[in-house]
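The values are calculated or read from the model by the stated rules, or taken from the named source; none is laboratory data. Owing to the predicted nature of the structure, the values given are computational and were not obtained by experimental measurement. Here Cβ is always computed from backbone atoms with ideal geometry, including for glycine, and neighbour counts include all displayed protein chains.
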Amino acid sequence: MHSDIPNHRLRVSVVVFFALIGIFIIDQNIKMLFVDGFRYYSDCIDLILVYNKGVAFSMFAFLEEWLKYIQLLIVAIFLTYVIYLKKCYYALPTGLMLGGAVSNIYDRFIHGGVVDMVYWHCGFDFAVFNFADVMIDIAVVWILILNFRPSITQKSKSCKN
């Protein structure tokens, strides 16, 4: 059983790494389109360029430069925890979440704020968001489902832990 632990850690680490890199690359390529000048306007959704200095709905913008370092610390703690768990069914949603988080943090270092571009204004105004935000939201819901529906994880044949 102990010899299987490094194998699980390796499997979890590889899945997290490739999901993280994949989301990061996709998100950064989308963002570069907008930084380079792409815009689109419609009756319900505008694709525009906005630099968000805070997090969701511009919260915590008052933290300014400290925000990116706090987020880096949170990402490092979360990644360490998931690898420590050795539960491979957390690997993919963790990779999605961390890919989005790292991409948004990278924006803070490069652009001084997160590059957001999707503005929903059909029926009501919603916050401007990006692909990374969507991946983070999907990952959070996925992880919550795994935590509150343990029967799902017990059916997994690829995860013995």
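Exactly one residue out of Leu67, Leu73 is modelled with pLDDT under 90 and either among the polar types (S, T, N, Q) or assigned to a helix (DSSP H, G or I) (or both), and it is Leu67. Do any residues in segment 112-131 that are in contact (Cβ under 8 Å) with a residue 60 or more places away in the chain have Cβ atoms under 6 Å from those of residues that are of a type in the set (Phe, Trp, Tyr) and surrounded by fewer than 14 Cβ atoms within 10 Å (Cβ to Cβ), where the two are at least six apart or on different chains, and which pairs are they? Final answer for the pair search is Trp120/Phe126; Ala127/Phe57. In segment 31-60, the residues that are within 14 Å of Val118 (Cβ to Cβ) and part of a loop (DSSP other than H, G, I, E, B) form Cβ pairs under 6 Å with partners that are modelled with pLDDT of 95 or more and of a type in the set (Val, Ile, Thr), at six or more places apart or across chains, as follows: Arg39/Ile48. The condition of being at pLDDT below 90, assigned to a helix (DSSP H, G or I) and surrounded by fewer than 17 Cβ atoms within 10 Å (Cβ to Cβ) does not hold for Phe124. Among all positions in segment 86-106, there is no residue which is at pLDDT below 90, outside any helix (DSSP H, G or I) and either acidic (Asp, Glu) or touching a Gly at 6+ places or on another chain (Cβ under 7 Å) (or both). The residue list Tyr84, Tyr119 contains one member that is surrounded by fewer than 20 Cβ atoms within 10 Å (Cβ to Cβ), over 10 Å from the mean Cα position of the chain (by Cα), closer than 25 Å to Asn29 by Cβ and not charged (D, E, K, R), which is Tyr119.
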